[in-house]
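Here is the structure we will look at.
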Amino acid sequence: MSLKSCHNFKDFRQLAKRRLPAPVFHYIDGAADDELTKARNTSAFDDVDLVPNVLAGVEDVDLSTTLFGKKLSMPLYCSPVAIQRLFHHEGERAVAKAAAKHDTMFGISSLSTVSVEEIEKLVDTPKMFQFYFHKDRGLNDNLLERAKAAKFDVLALTVDTITGGNRERDLRTGFTIPPKLTLASMLSFATHPMWGINYLTKPKFRLPHLEEYVSEGTSVNTSIGQYFSTMLDQSMNWNDAERLCAKWGGHFALKGIMSVEDAKKAVDIGCSGIMVSNHGGRQLDGGRAPFDQLAEIVDAVGDKIEVICEGGIQRGTHVLKALSIGAKACAGGRLYLYALAAAGQAGVERALNQYRNELERDMKLMGYTSVDQLRRSNLRFR
């Protein structure tokens, strides 16, 4: 199987599985507990049908939208995801370049393997910094100031990782950052020699935003769940979020909002936007899917704040359904991470291009020429 044979989300996933050692693949692919919420994130879209119009003159389609004051060429962007160097040696650099080529936004994490300073020099596409609120206030201040100095356009505070989710696949495979060999994982690493060669010979695995402050994840092996549970501040509350918003002074979003009550509070503290998200089903299993919650949140705050549907996106039609409900844009991690693991920058470019082509084709089949024409009247709920 090669990159040229990847024509959809599932193809990229299959190629990524072939190219990654099992612990790394299952870190991307896995979720919490029985992984019911992860599955529902995508299946929720199947409960809604599209109703097309015809004879609409759809030769030219405009997919562009404006998000956080920046014009994007399509209403889909790459969510920030941690430790991308493990998925491919090009890591966040590949995603940044691919997003820039497609003129859309992308984000990097506090736990990224490339610094905000390098990303600033690398691309000028709209950029989001995912902020994890640590117990160490000095680290928090440093993260904010570095992102501000690097001219990131949006600060997104992740609010759904107050403790680590029960990611049982990681427990079985022994996945840690940095990776370590165990009896359970040794065979898988040995049977993926190219990953090992690239890991050892390409730029070293680093967490440049954290390495001066914490040893966990840098010089001391830890799981992501352990990191969230021990290093992040479990006392974080709405007052902290409001102070961070004010201190940032620019476009500020909360990533991980799932209730109408919290969406209203986000408006009250001055947020520019919210990501309706459950962290890819990796935290609370049995929780609602973003698409299931989208309508009531849009109805409550959609005229006051930008609402983004994040999670479960695998097709262009998923994006059109979310936009028809009232989302301003959609985002996701796995939608590009499998492609990154499969082929680096070329993989991410191919994935984004396929989503763009699907969106344009599906818009024409729906009878619309711009995304702002999409309405709930386009949908029928089963």
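If the condition is being surrounded by fewer than 21 Cβ atoms within 10 Å (Cβ to Cβ), under 30 Å from Glu90 (Cβ atoms) and not polar (S, T, N, Q), then region 292-315 contributes only Arg315. Within region 350-376, residues that are at positive phi and in contact (Cβ under 8 Å) with a residue 24 or more places away in the chain reach partners that are of a type in the set (Gly, Ala, Ser) and surrounded by fewer than 15 Cβ atoms within 10 Å (Cβ to Cβ) with beta carbons closer than 7 Å, at six or more positions or on different chains, in the pairs Gly367/Ala56. Determine, yes or no, whether Val24 is in contact (Cβ under 8 Å) with a residue 60 or more places away in the chain and either in contact with an Asp or Glu (Cβ under 6 Å, 6 or more places away or on another chain) or surrounded by fewer than 19 Cβ atoms within 10 Å (Cβ to Cβ) (or both). The answer is no for Val24.
Among the residues making up region 50-76, those that are under 16 Å from Leu374 (Cβ atoms) and either among the basic types (Lys, Arg) or in a strand (DSSP E or B) (or both) are Leu50, Asp62, Thr65, Thr66, Leu67, Leu72, Leu76.
Out of the residues in region 54-63 that are surrounded by 15 or more Cβ atoms within 10 Å (Cβ to Cβ) and not acidic (Asp, Glu), which is nearest to Lys101 (Cα to Cα)? Within region 54-63, the match that is nearest to Lys101 (Cα to Cα) is Leu63. When Lys247 is tested against (1) farther than 22 Å from Ala322 by Cα; (2) touching a Cys at 6+ places or on another chain (Cβ under 6 Å), exactly one condition is not met: (2). Among the residues of region 365-380, those identified as surrounded by fewer than 17 Cβ atoms within 10 Å (Cβ to Cβ) and either modelled with pLDDT under 95 or in a helix (DSSP H, G or I) (or both) are Leu365, Asp372, Gln373, Arg376, Ser377.
Among the residues making up region 6-41, those that are closer than 20 Å to Arg361 by Cβ and in a helix (DSSP H, G or I) are Phe9, Lys10, Asp11, Phe12. Among the candidates Phe131, Phe175, the residue that is in contact with a strand residue (DSSP E or B) (Cβ under 7 Å, 6 or more places away or on another chain), closer than 30 Å to Leu36 by Cβ and among the hydrophobic types (A, V, I, L, M, F, W, C) is uniquely Phe131. Inspect region 83-103 for any residue being charged (D, E, K, R), farther than 26 Å from Leu15 by Cα, touching a residue at least 40 places away in the same chain (Cβ under 8 Å) and not in a loop (DSSP other than H, G, I, E, B) and give the result as yes or no. No - not one qualifying residue is present in region 83-103. Applying the condition of being of a type outside the set (A, V, I, L, M, F, W, C) and part of a strand (DSSP E or B) to region 232-286 and asking which residue is farthest from the chain's Cα centre (by Cα) yields His251. Within the set Pro208, Pro179, Pro203, the sole residue that is surrounded by fewer than 18 Cβ atoms within 10 Å (Cβ to Cβ), out of contact with any Lys or Arg (no Cβ under 8 Å at 6 or more places or on another chain) and either modelled with pLDDT of 95 or more or not aromatic (Phe, Trp, Tyr) (or both) turns out to be Pro208. Would you call Tyr227 on the phi < 0 side of the Ramachandran plot and in a helix (DSSP H, G or I)? Yes, satisfied. For region 148-171, the criterion of being part of a loop (DSSP other than H, G, I, E, B), small (Gly, Ala, Ser) and crowded, with 19+ Cβ neighbours inside 10 Å is met by at least one residue.
The values are calculated or read from the model by the stated rules, or taken from the named source; none is laboratory data. Predicted model only: the values in this text are computed from it and were never measured. Note: ideal-geometry Cβ built from the backbone for every residue, glycine included; neighbour counts use all protein chains shown.
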